[in-house]
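In what follows, a structure is listed as structure tokens, so that the remarks can point back to it.
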């Protein structure tokens, strides 16, 4: 898709828009092109199209875009048609691009990981995020393979979910395409569900509940053991810095809280700089701090949820963010949010990219107070039909409509 002049787009319609695609409000768009003298052949955007080379004569034609004329458009990439650059055309083309990414390639059908590999990775990671014996080379190799397996599988599931959410957002702008696109969405959704079910094996639900409680913990005081004495009058600021790093990792990561200690250690090492005396004491003090914080989070998680009713939370999964100029992409969801969507999902409507999650109280509270980029709702809050199945409650939710229950 290119721009020829202000307000217009130049598009290889015969290549980009397949025959049978519903045109909706775009039907009737006036086009000018060329056709063979018979008047019954393909319609071409340029007179010198290579596919007109054998035509005895070529005549200019004016016509309206309809389902019939769409089927006659030349699929040569050089046949580019001028259409309005505003209105429905840009979202229509975006929707077709998003739908094209829903198609499942043959490479995706072939499993890249065997069940034995997945089972071994799940078993290894269930023993802890890192080997207990730091000097054991074989153990490290097993963990490295487990990490690779986990990362590869979770990336595949996230990609499938991103494609569905992006397609749903595009179809929201082009509702006349929904029925035509339904089969593509259903096939990709079924494939994504298989990926999700396997992805849940890599997560520890208790760790997700522990992470949800971190935001409610009070800021810590200086270590009472004097281990941060090496920093002098900067001890308080260093404590705050390692605390922020630990919290940021704990609340966004899907791994057990022990993994968040690494983020705090990185901040501590940076603060230590070239200091030598008292370094071991500072490291030991940090270890005690992160252990204490993790224990407090686990206790808070139990207080939030144990013996209390669970929540039914609706979540609209955001579409794949646009890439930055350097090629990297913003992450619409944290690893923790992705994990919660995978583990606690009870029903989903991928035509609208909304899911229902049956979650513990603490996780429900965290979802409802999440960043504005994540649209959530208590599906059981103030509903008259509270006895309805989750799928019915989810179908009744309109994420874009103002609702006091929506965060």
Taking the stated definitions as given, is residue 294 out of contact with any strand residue (DSSP E or B) (no Cβ under 7 Å at 6 or more places or on another chain) and not in a loop (DSSP other than H, G, I, E, B)? yes
Subset of the range 35-67, residues assigned to a helix (DSSP H, G or I) and either touching a helix residue (DSSP H, G or I) at 6+ places or on another chain (Cβ under 9 Å) or without any contact (Cβ under 8 Å) to a residue 24 or more places away in the chain (or both), comes to 52
Applying the selection to the range 253-278, what residues are surrounded by 16 or more Cβ atoms within 10 Å (Cβ to Cβ) and over 19 Å from residue 125 (Cα atoms)? 263, 264, 265, 267, 268, 271, 272, 278
Enumeration of residues in the range 371-399 that are touching a strand residue (DSSP E or B) at 6+ places or on another chain (Cβ under 6 Å) and closer than 25 Å to residue 335 by Cβ: 375, 376, 377, 379, 390, 394, 399
So residue 92 passes all but one of these: (1) outside the structural domain of residue 36 (by the TED database); (2) at pLDDT below 95. Which condition number does it fail? (2)
Looking at this structure, is residue 388 farther than 21 Å from residue 251 by Cβ, surrounded by fewer than 18 Cβ atoms within 10 Å (Cβ to Cβ) and more than 15 Å from the chain's Cα centre (by Cα)? yes
Criterion violated by residue 239 - all others in (1) touching a residue at least 60 places away in the same chain (Cβ under 8 Å); (2) buried (at least 19 other Cβ atoms within 10 Å of the Cβ); (3) assigned to a helix (DSSP H, G or I) satisfied: (1)
Can you say whether residue 144 is closer than 28 Å to residue 356 by Cα and surrounded by fewer than 18 Cβ atoms within 10 Å (Cβ to Cβ), as far as the supplied structure shows? no
Just checking, which of 171, 154, 125, 93 is touching a strand residue (DSSP E or B) at 6+ places or on another chain (Cβ under 9 Å) and buried (at least 17 other Cβ atoms within 10 Å of the Cβ)? 93
So for the range 391-406 (the condition being in contact with a helix residue (DSSP H, G or I) (Cβ under 9 Å, 6 or more places away or on another chain), surrounded by fewer than 19 Cβ atoms within 10 Å (Cβ to Cβ) and modelled with pLDDT of 90 or more), does at least one residue qualify? no
Kindly indicate the residue of the range 1-16 that is closer than 17 Å to residue 97 by Cα, surrounded by 12 or more Cβ atoms within 10 Å (Cβ to Cβ) and in contact with a strand residue (DSSP E or B) (Cβ under 8 Å, 6 or more places away or on another chain) and also modelled with the lowest pLDDT among those meeting that condition. 1
Criterion: part of a helix (DSSP H, G or I), in contact (Cβ under 8 Å) with a residue 60 or more places away in the chain and farther than 30 Å from residue 351 by Cα - qualifying residue of 182, 121, 199, 167: 121
Against the condition assigned to a helix (DSSP H, G or I) and not assigned by the TED database to the domain that holds residue 35, how does residue 70 come out, does it pass? no
Condition broken by residue 289, with the remaining ones in (1) out of contact with any helix residue (DSSP H, G or I) (no Cβ under 8 Å at 6 or more places or on another chain); (2) closer than 20 Å to residue 215 by Cα satisfied: (1)
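The values are calculated or read from the model by the stated rules, or taken from the named source; none is laboratory data. Bear in mind the structure is a predicted one, so any value in this text is a computation, not a measurement. Cβ: placed from backbone, ideal geometry, glycine included. Neighbour counts: every protein chain shown.
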